[in-house]
Structures are given as structure tokens and as C-alpha cells.
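For reference, the structure is listed below as C-alpha cells.
The values are calculated or read from the model by the stated rules, or taken from the named source; none is laboratory data. These figures come from a predicted structure and were not determined experimentally. All Cβ positions, glycine included, derive from the backbone under ideal geometry; neighbour counts span all protein chains shown. Protein only, heavy atoms only, side chains kept; ligands, DNA and RNA dropped before computing areas. Shrake-Rupley method; radii C 1.70, N 1.55, O 1.52, S 1.80 Å.
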Amino acid sequence: MRAVFVDANETLAAVTDKLLASQKLPVGINRNPSIKPDDLPGLLGDAEIMIVDHTAVPTPIAATCKALKHVVFLGTGARSYMNPEELGQHGISVHTIKGYGDTAVAECAIALMWASAKSFGEMDRGMREGNWLRRDAVQLTGKTLGLIGFGGIAAEAARMAAGCGMKVMAWNRTPKTHPGVAFVPLEKLLAESHVISLHLLLNDETKGFLSRERIAQMRPGSILINTARGAVVDEDAMLEALRSGHIAHAGLDVFTVEPLPSGHALTKLPNVTLSAHSAFRTPEASDNLIGAALDHCRRIIASGG
């Protein structure tokens, strides 16, 4: 059996080379990250395992890859790029990787929170244009951070926020406890949080989770942070809330359509801080991610597929 990493960017290719140097695994690397789904059959050939970072894997195309039995997706959000149930009907198993970037993504969420609270992005843009643009800031010490969804990333964000002197509350679909975190009903979290940070996996139940109705329940003038998936938010409702000031600022690393199209409405608003789905991009997270992907390959090969 062999595997092919079909869309490795320069960074992930280098990490894969480094880790493969110390282990004998039949993994090929395609170093062109700009491939299209139609390229997949030719790239895979007779490989049984595909490692994929960001390329869509439509079921009809995957079905033409006759040897393909396993897709190892580099992250948790495989559903944004493929339909695991449909692939399963063709005998193709989808493997995801959790926990590799919990600290990196949490740091991004906290960084976006601070940038949003201080209007750094808006002032930076203004000053580069020659304007001495000054904005009043939100003092976060003593304020409440509300975490929607509570896994490893949210736990790290809670630790960091507590260290900043913030109160932390959370809502999760299943009961949980965590030191220093008050788990509360969603309605209470929406109404009382000065900052809301989303940490939900995207699936049929969470698509559009932060709906127009739930946005209306948010504390007026609150800050919204999303490092999860763009589709968990009703984007049109969020835009309206940003324009009205009901949401004072949004710090966003993820979007409904990626890459974010040129001229998108979010790029026109001063009270939005944007990053290009890069929360997980640290050397430490990359090492964890590729290491876990190769572990998947090793287990699949050892089991005979």
C-alpha cells in the first residue's frame, strides 16, 4: 500500500520530508497546492491512501480513483471539502485529525479578541493612509468571554482568557465541567458575554448555528470571534448586526466561501478584523498535524487496509 499527499504547500511538504526522513513509509508528495479536484485520479494512480489539506474531494471524482480506500484529511473540518457518508458508500473511509493545533487556534482566537477590542486593524489601515485615526478601546479585564462549543481549543482559550483577568462561561451540546469555567444555558451566554468565541465542528446540526435569532439575543455591542468554520454563522445576519453596531466588532479567521472573494462585504466594514484561515499555521501545529497523518497511514498499512 502507498499514500500520496496530493496538495502539499511548501511548509507542509518540508515538514513531511523531515518526518519521513526518520521513518520508512511509502508516502509520495505532490508539491503543487493549487491542484483541482479533476487532478486527483492522475495524482493518486494506484495509491490506496490520499492525504489532503484543502482540496475538495467530490464523491463522483473519488469514485473514479479505483484503488482509493482511505482519505486522511489534515484537520477536523473534512465536511467542508467532502461528504464522508457518500464516500463511505464507495468503500472509502475518511480519517480526521483532532487536537493537533489546539494551542495555536486558541491563541489566534485570543489575538483576534484583543485586536477587535482595541480596533488595531482599523487604526493600522487609517495610519497607513496618512490619517491619525484614534479609536476608543474595550478594556477586557473583568469582562466575560463566552465559548460556544467546548473541546480542546476552547479549553485552551479559557486558560488564556482567565490569565487575562476575564470571566469565562461556556455552552456545550453535551454536559461538561472544566475548572474556572461556568457552563450555562445558551441564552444566558448570548445575553451576558462581552465576547463570544465559536468552537463548533461544522455538521448538519451546526450549520447556521449562530442564526439571526441567536445574534439578536447577543449582548448589544459585543465582540464575535470565529476560528471554527464560517458556515456555523448566518453571514447575512452577522453583516447586518455589524452594520447596525449590535455586534461591535468581529474577528474572523474563517468564512463561508474561501478564499474570501475580492470585494466581499466583510472587507468593506471597518469593524471587522480578518485573517486568512491561518489560526493553525504554526511550526508546532504543523509538526503535530503531519505526524498524526503519518500515524494514520502507518496504522492503515499495518492493518492491510
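What pairs can you find where one residue is in the range 83-103 and of a type in the set (A, V, I, L, M), the other is surrounded by fewer than 14 Cβ atoms within 10 Å (Cβ to Cβ) and at pLDDT 95 or above, and their Cβ atoms are less than 8 Å apart, with a gap of 6+ or different chains?
Once the first residue is of a type in the set (A, V, I, L, M) and sits in the range 83-103, its partners that are surrounded by fewer than 14 Cβ atoms within 10 Å (Cβ to Cβ) and at pLDDT 95 or above give Val94/Gly88.
How many residues are among the β-branched types (Val, Ile, Thr) and more than 13 Å from Arg2 (Cα to Cα) if we restrict to the range 282-302?
2
Matching residues to (1) at pLDDT below 95; (2) touching a Lys or Arg at 6+ places or on another chain (Cβ under 9 Å):
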{"position": "Ser119", "(1), (2)": "no, yes"}
{"position": "Asp124", "(1), (2)": "no, no"}
{"position": "Arg128", "(1), (2)": "no, no"}
{"position": "Thr144", "(1), (2)": "no, yes"}
{"position": "Ala154", "(1), (2)": "no, no"}
{"position": "Pro175", "(1), (2)": "yes, no"}
{"position": "Leu186", "(1), (2)": "no, yes"}
{"position": "Ala191", "(1), (2)": "no, yes"}
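Could you list, in sequence order, all residues of the range 3-33 that are out of contact with any strand residue (DSSP E or B) (no Cβ under 8 Å at 6 or more places or on another chain) and either in a strand (DSSP E or B) or of a type in the set (A, V, I, L, M, F, W, C) (or both)?
Selection gives Ala14, Val15, Leu19, Ala21.
Given the criterion among the basic types (Lys, Arg) and in contact with a Leu (Cβ under 6 Å, 6 or more places away or on another chain), identify the matching residue among Arg134, Arg79.
Being among the basic types (Lys, Arg) and in contact with a Leu (Cβ under 6 Å, 6 or more places away or on another chain) holds for just one of Arg134, Arg79, which is Arg79.
Run Arg298 past the list (1) closer than 25 Å to Val71 by Cα; (2) open to solvent by 70 Å² or more (accessible area, probe 1.4 Å); (3) not assigned by the TED database to the domain that holds Leu12 and report the number of the one that doesn't hold.
Condition (3) is where Arg298 drops out.
Within the range 262-273, track down each residue that is among the hydrophobic types (A, V, I, L, M, F, W, C) and touching a strand residue (DSSP E or B) at 6+ places or on another chain (Cβ under 6 Å).
Of everything in the range 262-273, those that are among the hydrophobic types (A, V, I, L, M, F, W, C) and touching a strand residue (DSSP E or B) at 6+ places or on another chain (Cβ under 6 Å) turn out to be Leu266, Val272.
Provide a single number: the residues in the range 267-281 that are under 14 Å from Gly75 (Cα atoms) and either of a type in the set (Asp, Glu) or more than 11 Å from the chain's Cα centre (by Cα) (or both).
Qualifying residue count for the region: 0.
Does at least one position in the range 109-130 carry a residue that is farther than 29 Å from Gly180 by Cβ, open to solvent by less than 60 Å² (accessible area, probe 1.4 Å) and part of a loop (DSSP other than H, G, I, E, B)?
No, because not a single residue in the range 109-130 is farther than 29 Å from Gly180 by Cβ, open to solvent by less than 60 Å² (accessible area, probe 1.4 Å) and part of a loop (DSSP other than H, G, I, E, B).
Among the numbered criteria (1) in contact with a helix residue (DSSP H, G or I) (Cβ under 6 Å, 6 or more places away or on another chain); (2) touching a residue at least 60 places away in the same chain (Cβ under 8 Å); (3) not acidic (Asp, Glu), which one does Met169 miss?
(2)
Regarding Glu258, is this residue among the acidic types (Asp, Glu) and part of a helix (DSSP H, G or I)?
no
Testing Pro259 on (1) farther than 18 Å from Lys98 by Cα; (2) open to solvent by 30 Å² or more (accessible area, probe 1.4 Å); (3) in contact with a strand residue (DSSP E or B) (Cβ under 9 Å, 6 or more places away or on another chain), one condition comes back false. Which one is that?
Just one mismatch for Pro259, condition (3).
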